[in-house]
Amino acid sequence: MVVVGASGKTGRAVTAALLARGVPVRAAVRPGAEAAAPAGSTPAPVDLETGQGLEDALDGARAAYHLAPNLHPGEVGMAARVATAAATTGLPTVVFHSVLHPDDPRMPHHLRKAEAETVLRTALGERVTVLRPAAYHQNLLAQARSGMLAVPYSLDAPFTNIDLDDVAQVAADVLLGAHAGATLDLAGPQVLTVRQMAEHAAAGLGRPVSDLRIPLSQWRASPGAALSVQACDDLAAMFTAYDDGRADGRPGPAAGAARTPAHDVDDLCVTTRFHAGGPVTASVA
């Protein structure tokens, strides 16, 4: 198996899920960053912006998980290069890591995911399986542990956040042949607002966790200032969309769902993770 973007948090989780099942992993990482490949994997230098190394990385593989760098403006071009390399090498399966609600016009980086989906499907057809995960619970982990969830959007917006490790388990299932050719929305088991997330975190951590809405301008000044202008604008647009709602997915069992057991909130907090317990669902979109 090949995991493109293996040195990031999602790539590491997917690699770990595969290695735990005894599946060898070729970790596609940036040239010069081979040392960052997850332990137990075989590094494969790949430049997604030029396509250099892609054919070598994919050659002879059974399947590949493609995850572009977060918020990258060149995501569509990267998908095209992966599609070309997959076609050239005869790769049987490509699993593309998209996002929940990729067609939402309010969020430019979501639209790039939608276009990348189209590029891959047009080139490779049923060889492509698409995963569309909701936001990760881990995104708020550090804040939960600090005792304050401070966000630049409505505290009452509903979310169906999902655990990263659960996404990785579904990804491993799909790479090994489940739901071939499908498009799967991955949502957590509960619809929770930020206020409710804070309550769950407090109960699981055994100490107070408060919530606070901060002005978007404050977020732009810090931590948004550490991002590129384009990435900062993309996230600001997403936060504004959250204020309008409709960021959640469909929780609970659904027809054609692939399910893995999710950790409950107490176990998750003890192991420094953060989410409300129950089954994760992968619903056919």
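The values are calculated or read from the model by the stated rules, or taken from the named source; none is laboratory data. Given the structure is predicted, the values throughout are model-derived calculations rather than measurements. Don't worry about glycine lacking a Cβ; one is built from the backbone with ideal geometry, like all the others, and counts go over all protein chains shown. Surface accessibility is based on the protein's heavy atoms, side chains included, excluding ligands, DNA and RNA. Shrake-Rupley method; radii C 1.70, N 1.55, O 1.52, S 1.80 Å.
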- Task: Counting only C-alpha contacts under 8 Å and six or more residues apart, can you give the relative contact order of segment 87-183 as a whole percent?
- Result: 34
- In segment 1-89, GluC sites (Glu not before Pro) in a DSSP loop with at most 16 other beta-carbon atoms within 10 Å: Glu49
- Expressed to two decimals, segment 1-151 has a Cα Rg over Rh, using the Kirkwood radius, of 0.98
- Would you kindly find the accessible area of Ser210, with a 1.4 Å probe and non-protein molecules such as ligands, DNA and RNA excluded, rounding to the nearest 10 Å²? 50
- Item | Probe 1.4 Å, all protein chains present, accessible-area order of Asp233, Asp173, largest first | Asp233, Asp173
- When all Cα-Cα pair distances of segment 1-85 are considered, the percent exceeding 16 Å is 44
- Query: In a solvent-free Debye calculation with one equal scatterer on each Cα, what is log10 I(q)/I(0) for segment 157-230 at q = 0.14 Å⁻¹, listed in the order of the q values?
  - Reply: -0.76
- Cα-Cα pairs above 27 Å in the chain: how many percent? 39
- Item | segment 24-159 - percent of accessible surface contributed by carbon and sulfur, probe 1.4 Å | 53
- With contacts defined as alpha carbon pairs under 8 Å and 6 or more residues apart, what's the relative contact order of the chain in percent? 17
- Can you work out the accessible area per residue across segment 55-117, with the rest of the protein chains kept in place, probe 1.4 Å, in square angstrom? 37
- Task: May I ask you to derive the relative contact order of segment 150-254, considering only C-alpha pairs under 8 Å and at least 6 residues apart, and to give it as an integer percent?
- Result: 48
